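Inspection log for the structure reproduced underneath, given as structure tokens.
The values are calculated or read from the model by the stated rules, or taken from the named source; none is laboratory data. Everything quoted here is computed from the prediction, not taken from an experiment. Ligands, DNA and RNA are excluded from the accessible area calculation, which covers all protein heavy atoms including side chains. Shrake-Rupley method; radii C 1.70, N 1.55, O 1.52, S 1.80 Å.
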Amino acid sequence: MSNSRRVLLPTAAGLAGSFLLTGLYFGLVSWAEGPQHALEFLKQDRWIVLPIVLGFGIQMALYVILKLRLFVPVSSIGPSGLMTGASGATSTIAMAACCAHHITDVLPILGLTAAATFLAEYRIAFMLVGLGTTVVGIVVMLIILFKERRKAIQI
């Protein structure tokens, strides 16, 4: 595999993951309250949203590096797929929690008022958990990469 492709694939995956998570956040708030409110919310919560989005992008890039064995001959990718899925799901729930109380204004017939109120009340906690799982996922993948690199150098 060419060197440019080894760099472009994880970069593209990281950017795609970041943009999709940002799009989800912006889309949910826009749908519930409108694009202007979504921009205001994004500006207000940027201190936590930006690290979650960037962390998820980094995690996606590392996952592609591991999965495609781009830099080291990785024998096992360990729990990296599960970690990426778990942190992605947690980050998505955290992003949705930011605007869940607005969604109940739009969909009261589904009976989700209590759940949305709970999510809205603890949205920062959910966002911190999302960020935490992302950081743990990044650390796990880096450990796998460094361990496999050490093995490859010894051979």
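Here the range 25-50 is the region considered, the condition is being of a type in the set (A, V, I, L, M, F, W, C) and open to solvent by less than 60 Å² (accessible area, probe 1.4 Å), and the residue that is modelled with the lowest pLDDT is A32.
Among the criteria (1) open to solvent by less than 20 Å² (accessible area, probe 1.4 Å); (2) under 15 Å from the mean Cα position of the chain (by Cα); (3) β-branched (V, I, T), the one V64 does not fulfil is (1).
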